[in-house]
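Visitor: Below you will find the structure I want to go over with you.
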Amino acid sequence: MTGPAARDRRDPGPAPVRFAQSVRLSKAEAFSACQVLADADRRLVRARCFAESEALAELFDLLEDRLAAAQT
């Protein structure tokens, strides 16, 4: 047999991913992540992509809250 059906049976696809319970970032990595989110948010607002902008803003707030909580 040839074609897409034969390829599907031979290719098991990507291996399952197991995520750790937490992620450790250096201070520089955390600041870089926050900067990228803020920059992307501003560009999305300018492009009038408000739903996407709001999603990034929520992610930024979550990251900022977790980083601040780690300090206390």
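A short reminder: the numbers here are calculations on the coordinates, not readings from a lab. Given the structure is predicted, the values throughout are model-derived calculations rather than measurements. All Cβ positions, even for glycine, are placed from backbone atoms using ideal geometry, and neighbour counts span all protein chains on display.
Visitor: With 10 angstrom as the radius, rank Val17, Val45, Val36 by how many other C-beta atoms surround their C-beta, starting from the fewest.
Guide: The order, fewest Cβ neighbours first, is Val17, Val36, Val45.
Visitor: What nm distance separates the two modelled labels at Asp11 and Gln35, each placed 7 Å from Cα along Cα→Cβ?
Guide: 3.8
Visitor: Once you put a point 7 Å from the Cα of Leu67 and another 7 Å from the Cα of Arg42, both along the Cβ direction, what distance in nm separates them?
Guide: Distance between label points: 1.6 nm.
Visitor: As an exercise, use a Förster radius of 30 Å and the Cβ-Cβ distance of Ala51 and Ala28 to find the FRET efficiency, rounded to the nearest 0.05.
Guide: It comes out at approximately 0.50.
Visitor: If you place +1 on the Cβ of every Lys and Arg, -1 on the Cβ of every Asp and Glu, and leave all else neutral, what size is the dipole of region 25-72 about its Cα centre, to the nearest 20 Debye?
Guide: 200
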